[in-house]
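*Asks:* Let me give you the structure first, and then I'll get to my questions.
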Amino acid sequence: MKPLNEMTLCFESRSCNEGFARTAAAAFTAQLDPTVGELNEIRTVVSEAVTNCVVHAYRNTIGSIRLNIRIMPGNTVVIRVKDSGCGIEDVKKAMEPLFTTAPDEERAGLGFAVMQSFSDGVKVRSVVGKGTTVTITKKLSLRCSDV
Amino acid sequence: MYNITEGVIILELKSVQKGSELTLYLRGEIDHHSARKMRETADALIHQKKPSLLKMNFSGVSFMDSSGIGLIMGRYRTMLLYGGKLRVVSIPEQIRKMMELSGLGTLNILERSRQDETTE
């Protein structure tokens with residue numbers, strides 16, 4: 001299916017870019033007239049996915065993060081966060097609530113659980129040593145019928 | 001009063017001491033980037049004042065991701081070590097959703113929503 005609109009951003013895995021990424025995502029999806037709650041959910045899932053790249057994928061190093069957002073027919077947003085970092089050995093385990101490899105930094109291990117509960121679907125593709133792509137699908141309530 | 005300014009995100013923590021009650025007013029957006037500074041400031045204040053009750057006031061928080069859960073859980077543990085208690089107060093609705101999802105509700109540290117209070 002062809003997207004109705006699309007944007008891609010590339011930025012470095014610096015923690016100060018977490019705010020930039022979620023704000024940009026919210027600004028781009030604002031054209032769908034989301035509710036305050038939906039906009040907050042979009043900000044949150046992007047923040048979680050980008051933080052994973054900063055904290056885990058590029059641990060102790062700086063790499064490139066690609067944020068791609070596609071607006072699909074049916075008021076659906078597809079958010080893709082891609083890194084070329086260390087990859088995840090056991091995706092199933094990484095997605096378990098409360099599982100974290102960084103408890104010292106007070107990471108709660110809730111990143112994927114939050115992404116799942118604030119969206120309509122999360123897909124993770126990861127190759128150790130190559131990187132990870134997280135794809136989040138979110139269907140917005142239809143408030144204006146022309147999209 | 002503590003002011004920490006980083007980029008466009010302004011964080012502010014200020015303390016009000018009523019007896020041994022310490023209130024931390026958190027401001028701005030809480031994410032992995034800002035949580036570290038908030039954690040350091042909060043812990044420095046806790047160690048200095050050693051309150052029996054710590055209140056974390058979220059009225060000025062406009063955004064929080066799961067980093068905020070780590071921030072709360074960490075302070076909960078710190079207060080337990082001191083034999084003190086933690087209360088999380090003035091929680092905006094959007095942020096309450098995140099807190100309840102994380103299971104923080106079971107610790108009985110969250111102030112109930114105005115909605116819950118009026119239905120009683």
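*Asks:* Can you give the FRET efficiency for A:Asn5 and B:Glu21, using 1/(1 + (r/R0)^6), R0 = 45 Å, r = Cβ-Cβ distance, to the nearest 0.05? List each step's numbers first, then the result.
*Replies:* Values: r = 51 Å, r/R0 = 1.14.
Efficiency for this residue pair is about 0.30.
*Asks:* If you count, for every residue in B:60-72, the Cβ atoms of partner chains within 10 Å of its Cβ, what is the mean? If you can, show how the numbers build up before the last one.
*Replies:* Values: counts 0, 0, 2, 8, 3, 15, 13, 12, 1, 6, 9, 2, 2.
Per-residue shielding by partner chains comes out at 6.
*Asks:* Would you work out which of A:Met1, B:Ser20, B:Gln48 lies farthest towards the positive end of the dipole of the protein assembly as shown? Charges go on Cβ: Lys and Arg +1, Asp and Glu -1.
*Replies:* B:Gln48
*Asks:* If you stretched the chain out fully between A:Leu142 and A:Asp104, how much longer would it get, using 0.36 nm times the residue separation minus the C-alpha to C-alpha distance?
*Replies:* Working: separation 38, 0.36 × 38 = 13.68 nm, distance 4.25 nm.
This chain segment gains 9.4 nm when fully extended.
*Asks:* Further question on the same structure: Mind ordering B:78-85, A:84-91 by average Cβ neighbours within 10 Å, highest first?
*Replies:* On the way: B:78-85: 13.9, A:84-91: 16.6.
Listed from highest to lowest mean packing, they are A:84-91, B:78-85.
*Asks:* With only Lys, Arg, Asp and Glu charged, each at its Cβ (+1 for the first two, -1 for the last two), find how big the charge dipole of the protein assembly as shown is about the Cα centre; round to the nearest 20 debye.
*Replies:* Computed charge dipole of the protein assembly as shown: roughly 260 debye.
*Asks:* Something else about it: At a 10 angstrom cut-off on C-beta neighbours, averaged per residue, how do the peptides A:29-36, A:104-111 rank from highest to lowest?
*Replies:* Numbers: A:29-36: 15.1, A:104-111: 19.6.
For the peptides A:29-36, A:104-111, the packing ranking is A:104-111, A:29-36.
*Asks:* Shape verdict for region A:5-139, please, from the Cα gyration tensor: rounded (a/c under 1.5), prolate (a/b greater than b/c) or oblate. Can you show the working numbers first?
*Replies:* Numbers: a/c = 1.69, a/b = 1.48, b/c = 1.14.
Since a/c reaches 1.5 and a/b is larger than b/c, the shape of region A:5-139 is classed as prolate.
*Asks:* For region A:5-139, with only Lys/Arg (+1) and Asp/Glu (-1) charged at the beta-carbon, what is the dipole magnitude about the Cα centre, in debye rounded to 20? Working shown, then result.
*Replies:* Working: 16 positive and 15 negative charges, 87 e Å.
So the magnitude is around 420 debye.
*Asks:* Sticking with this one: What is the percent carbon and sulfur in the accessible area of region A:5-139, measuring with a 1.4 Å probe over the protein chains and ignoring ligands?
*Replies:* Working: 3080 of 5960 Å².
Its accessible area is 52 percent carbon and sulfur atoms.
*Asks:* Given a Förster distance of 35 Å, report the FRET efficiency between A:Lys123 and B:Lys37 from their Cβ-Cβ distance, rounded to the nearest 0.05.
*Replies:* Details: r = 33 Å, r/R0 = 0.96.
Step by step, r from the Cβ atoms, then E = 0.55.
*Asks:* Helix-only mean residue ellipticity at 222 nm, chain A, DSSP H runs n ≥ 4 weighted -39,500 (n - 2.57), per residue, nearest 500. What is it?
*Replies:* Numbers: 4 runs with 41 residues, N = 147.
It comes out at -8500 deg cm²/dmol, rounded to the nearest 500.
*Asks:* Also, I was wondering about something else. Calculate the translational D of the protein assembly as shown in whole µm² s⁻¹ from Stokes-Einstein, where the hydrodynamic radius comes from the Kirkwood formula applied to all Cα pairs, the temperature is 10 °C and the viscosity 1.306 mPa s. List each step's numbers first, then the result.
*Replies:* Values: Rh = 19.4 Å.
Estimated diffusion coefficient is 82 µm²/s.
*Asks:* Could you tell me the accessible area of B:Arg36 in Å² (1.4 Å probe, neighbours in place), rounded to the nearest ten?
*Replies:* Result for B:Arg36: roughly 140 Å² accessible.
*Asks:* Next question. Run the quick spin-label model on A:Lys130 and A:Glu96: label points 7 Å from Cα toward the beta carbon, then report their separation in nm to one decimal.
*Replies:* Taking the two extended label points, one gets 2.6 nm.
The values are calculated or read from the model by the stated rules, or taken from the named source; none is laboratory data. Only a predicted model underlies this, so the values are computations on that prediction, with no experimental measurement involved. Neighbour counts run over all protein chains shown; Cβ positions are idealised from the backbone, glycine included. We work out accessible area using only protein heavy atoms, side chains counted, and drop any ligands, DNA or RNA first. Shrake-Rupley method; radii C 1.70, N 1.55, O 1.52, S 1.80 Å.
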